[in-house]
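Engineer: If you scroll down you'll find the structure; I have some questions about it.
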Amino acid sequence: AKLHNTGNLFWNANLGFSDFTSAVPKNAGTDANVYVHALWIAGLVEGDTLGAGAPWRGYEYWPGPIPESGVPSDCAAFDQLWSVRRSDLARFYESGEATEDLRTWPAHLGAPVIDGDGIPGNYDLDAGDQPALRGDQTVWWVMNDAGNVHRVTRSAPLGLDVRVEAFAKASTVQDIHEATFYRYTLTNRSTSTIDRAFVGFFSEMTGGYNYQNDFVGTDTTLSLWYTYDFRPDIYVGGSWAIGATVLEGPIILPDGRD
């Protein structure tokens, strides 16, 4: 899975059609791919409909958090995705050897930390702090919608910080073993209320370049949308299927409006 800090998880507009997919299983070629899976947000701000999206091109997110000034200026300082595996932690505790991402885990930007030294708010790996990993590998990054021109939604920015945890876990349960997970934390950094906000995803899944053979479906009992095909002349086992679901929605606030 090729991840990006511009709102889209897989598609890279600077590359060709041979280098932009999430493949299941790994190195599966064209058996089951997600070409695009992008975060979309829209809401009312002082009566105007504002939004941020990331389809094939024209990403409306920008690496890094929104500073106190409200106007991001230097994305290069935050243009990074930090990746840590549980095996990295095991190696560190056995030998003291730490990967660069483990050593520089960006707790100061909001990356989750297990506090091992009793000092809240810091990150000191040698003193016992460690990344709060989900699964066997976690990739973390932060982006915002205020530092980029909104060429797709053609609206003003919402002023959102978006922190993302992408993770995967080896498991004897096939559904978990062949899945990747993404957790988004959205924070309104603007001075305006975002009312009636909707959060969703633009997604394209396919089994190859001949998309005309693909079918789509939904399973409402699982909140699952999926793409599938039956091609015994091409695929091992005769068919493939790939899908996505929202496992957990927004946290309900006491006022009942979220």
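Engineer: Scan (1) at pLDDT 95 or above; (2) on the phi < 0 side of the Ramachandran plot for the single condition Gly96 breaks and write down its number.
Structural biologist: Only one criterion in (1) at pLDDT 95 or above; (2) on the phi < 0 side of the Ramachandran plot is unmet by Gly96, namely (2).
Engineer: State which residue is modelled with the highest pLDDT when the search covers only region 134-153 and only residues that are surrounded by fewer than 19 Cβ atoms within 10 Å (Cβ to Cβ), in a loop (DSSP other than H, G, I, E, B) and under 20 Å from the mean Cα position of the chain (by Cα).
Structural biologist: Result: Asp136.
Engineer: Can you list residue pairs whose Cβ atoms sit under 7 Å apart, with the first residue in region 82-108 being of a type in the set (D, E, K, R) and the second being open to solvent by less than 100 Å² (accessible area, probe 1.4 Å) and assigned to a helix (DSSP H, G or I)? Count only pairs 6 or more apart in sequence or on different chains.
Structural biologist: Taking only residues 6 or more apart or on different chains, the pairs are Asp88/Leu102; Glu97/Arg91; Arg103/Leu125.
Engineer: Right, another one. Here is a list of conditions, (1) open to solvent by less than 10 Å² (accessible area, probe 1.4 Å); (2) farther than 30 Å from Asp48 by Cβ; (3) not small (Gly, Ala, Ser), and Asp175 meets all of them except one; can you say which number that is?
Structural biologist: Just one mismatch for Asp175, condition (1).
Engineer: If you don't mind, another one. Which residues, taken from region 115-133, are surrounded by fewer than 12 Cβ atoms within 10 Å (Cβ to Cβ) and within 25 Å of Asn144 (Cα to Cα)?
Structural biologist: Answer for region 115-133, where residues must be surrounded by fewer than 12 Cβ atoms within 10 Å (Cβ to Cβ) and within 25 Å of Asn144 (Cα to Cα): just Gly121.
Engineer: Here is a further query. For the list (1) touching a Pro at 6+ places or on another chain (Cβ under 9 Å); (2) at negative phi, I need the number of the one condition that Gly110 fails.
Structural biologist: Here Gly110 clears every test but (2).
Engineer: List the pairs whose first member sits in region 180-209 and is more than 17 Å from Ala1 (Cα to Cα), whose second member is part of a strand (DSSP E or B) and open to solvent by 70 Å² or more (accessible area, probe 1.4 Å), and whose Cβ atoms are under 6 Å apart, counting only residues at least 6 apart or on separate chains?
Structural biologist: Gly200/Trp40
Engineer: Considering only region 79-97, how many residues are open to solvent by 60 Å² or more (accessible area, probe 1.4 Å), touching a helix residue (DSSP H, G or I) at 6+ places or on another chain (Cβ under 8 Å) and under 20 Å from His108 (Cβ atoms)?
Structural biologist: Summing the residues that are open to solvent by 60 Å² or more (accessible area, probe 1.4 Å), touching a helix residue (DSSP H, G or I) at 6+ places or on another chain (Cβ under 8 Å) and under 20 Å from His108 (Cβ atoms) in region 79-97 gives 0.
Engineer: Within region 77-91, is even one residue modelled with pLDDT under 95, outside any helix (DSSP H, G or I), closer than 19 Å to Thr180 by Cβ and not acidic (Asp, Glu)?
Structural biologist: The answer is no, given that none of the residues of region 77-91 is modelled with pLDDT under 95, outside any helix (DSSP H, G or I), closer than 19 Å to Thr180 by Cβ and not acidic (Asp, Glu).
Engineer: To continue, here is another question. Output the number of the condition that Pro67 fails; it satisfies all remaining conditions of (1) within 30 Å of Ser239 (Cα to Cα); (2) open to solvent by 50 Å² or more (accessible area, probe 1.4 Å); (3) modelled with pLDDT of 75 or more.
Structural biologist: (1)
Engineer: Filter region 99-129 for residues that are touching a helix residue (DSSP H, G or I) at 6+ places or on another chain (Cβ under 8 Å), part of a helix (DSSP H, G or I) and at pLDDT below 95 and give the result.
Structural biologist: Correct list: Leu109 only.
Engineer: Still on this model: Taking Ala156, is it open to solvent by less than 50 Å² (accessible area, probe 1.4 Å) and either in contact (Cβ under 8 Å) with a residue 12 or more places away in the chain or among the aliphatic types (A, V, I, L, M) (or both)?
Structural biologist: no
Engineer: In this structure, does Arg196 turn out to be part of a strand (DSSP E or B), surrounded by 12 or more Cβ atoms within 10 Å (Cβ to Cβ) and out of contact with any Phe, Trp or Tyr (no Cβ under 7 Å at 6 or more places or on another chain)?
Structural biologist: no
Engineer: So His108 passes all but one of these: (1) within 27 Å of Ile41 (Cα to Cα); (2) open to solvent by less than 40 Å² (accessible area, probe 1.4 Å). Which condition number does it fail?
Structural biologist: So the condition that His108 fails would be (2).
The values are calculated or read from the model by the stated rules, or taken from the named source; none is laboratory data. Predicted, not measured: the structure shown is a model, and the values here were computed from it. Ideal geometry is used to build each Cβ from the backbone, glycine not excepted, and the neighbour counts take in all protein chains shown. What goes into the accessible areas is simple: the full protein's heavy atoms, side chains included, and nothing from ligands, DNA or RNA. Shrake-Rupley method; radii C 1.70, N 1.55, O 1.52, S 1.80 Å.
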